[in-house]
1. Students often get this wrong, so check it: of Lys262/Lys366; Lys41/Lys62; Lys62/Lys145; Lys137/Lys271; Lys145/Lys295, which have C-alpha atoms separated by over 26 Å?
2. Considering only the other residues whose Cβ falls under 9 Å of the Cβ of Thr25, what net charge follows from Lys and Arg at +1 and Asp and Glu at -1?
3. Which whole-number percentage describes the relative contact order of the stretch 37-134, with Cα contacts under 8 Å and a sequence gap of 6 or more?
4. Using mean Cβ contacts within 10 Å as the protection proxy, how do 156-162, 53-59 order, highest first?
5. Let me make sure I get this right: for the stretch 122-254, a, b and c are the square roots of the gyration tensor eigenvalues over alpha carbons, sorted descending. Under 1.5 in a/c it's rounded, otherwise prolate if a/b > b/c, else oblate. Which is it?
6. In whole Å, how far is the Cα centre of the stretch 276-304 from that of the stretch 55-107?
Amino acid sequence: ALAALLAAALARDGHAAKHGVVALTDENFDSLVAEGRWLVKFYAPWCGHCKQLAPTMERLAKEGFDGEINVGKVDCTQESNLQSRFNVRGYPTLEYFENGEKLTTYSGPRDFASLVAFGSKMKSPSIRYENDGVALKRYLTESSKERNIDEDSVSFVILNDDELVAGSAELESIELVASNLRPDVTFVITSAREVVCEGAKIEACSSSRPRLVRYEPRQPLRVYEGELSDSVELQIWVSQNRLPLIPTFGMSTYQEISRQDKLVVFCAFYKPGMQSYKGRLHTIASDAYLNKVTKIVSGEIALPPGVRDRFLFVRIDGAKWASYLSNYNLEVLDLPLTLVMDYQNQRFYEDQDIERAIGLEAFLTKVANGEVEAQTLDWIHSIKWYFRAFIRGMPLSGIIAFFVVMIVGMFTYLLCVSDFDVADDLGEEEASAEAGAPKASEAKKAD
């Protein structure tokens, strides 16, 4: 009880984050988490991933969040009530709380930098007011502690000339949606229309009333045509438009990508750099491949009517996700290549004939029309993949192994056949003896 009181005092004073991870129990959880911000790890002592995460959590507690977010841990083997209460189904699970209320489950990368970025997002307001054009441009186009612009490039900007006032139905609706979609979405309210609308000739940029636009660098603006006061319609539109034109596969985007009702086109690339000859080949080929994918997604390269809308295109770094791609028999040295995933039906389509970006349109059209055989992760395909990988990786060894097996098999077969014939001969000799006929050896003596 004394330890719990001491921990509570430290948390209230904002010192818990500076003194390490706080052990939370059924007895002290509510009193501690009721105040301030908390990132809580639910774990089991025997869990290997939990053990790997432990040093990162300690570092976060001492230096990652600048004392503004407390870090706690719950041993689920001892605190089964807390495990059930927060529906923890796997270890480790990271939950974020503010003033006792659970706001979100963290599902991103568990390295120190990614967790710090998550904390920065949670500490930042879900609605930013930015009328300075230079600062706004920097936020929309450059990486910061809050986000990596290469993976999180979409911003939702409300063009406003002081029309939104506190207490208005529009602002309350925006605040509700921002809270519901935090930390994945941040709204920016600005009067610096020229920064957002640069080169865009659309009605929203000249409208006198507040308008919401989706901003992504080097892409056309998308305009929300509904009422800002309708929080349900607003949240649906923002959720549907949250992902970049071509999102990047990663821990932070995997869940949303896999929940899509579209077929997911994995555009797997490998860009090791220009230092070596092979590296230059892969890098140049990957750049050309991704450039073609961008043209297909943007409509610059046409597909048959309705085909493009069937797919969500996703960039995946082959070097970073080599282990994941190997499950589908894609090797880094084969990239760039295309893999189409049907997450809803647990199957995929493998493009074995494609050479880099050549024929990509034809492959996608065939998949959309049901002309490509779907594959599943069953044991038969696993054996086929391993065999193909072996032959592709070591073709000479594969050929040698094949012939060795053939020779050994033939030799074994001949031995079996020979043994059978000898047995038949012995059987005939024994039968003759039983009938009174002289054996071969006796006949020689008689001669």
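Taken together, the values in this text are just the output of simple stated rules run on the coordinates, not laboratory data. If you're wondering where the values come from, they're calculated on a predicted model, not measured in any experiment. We place every Cβ from the backbone using ideal geometry, glycine too, and count neighbours over all the protein chains shown.
1. Exceeds cut-off: Lys137/Lys271; Lys145/Lys295.
2. On the way: positive: none; negative: Asp26, Glu27, Asp75, Glu79.
Net charge around Thr25: -4.
3. For the stretch 37-134, the relative contact order is 35 percent.
4. Details: 156-162: 19.7, 53-59: 17.0.
Ranking the peptides 156-162, 53-59 by packing returns 156-162, 53-59.
5. Details: a/c = 1.44, a/b = 1.19, b/c = 1.21.
Rounded, because the longest to shortest axis ratio a/c is under 1.5.
6. Between the Cα centre of the stretch 276-304 and that of the stretch 55-107, the gap is 41 Å.
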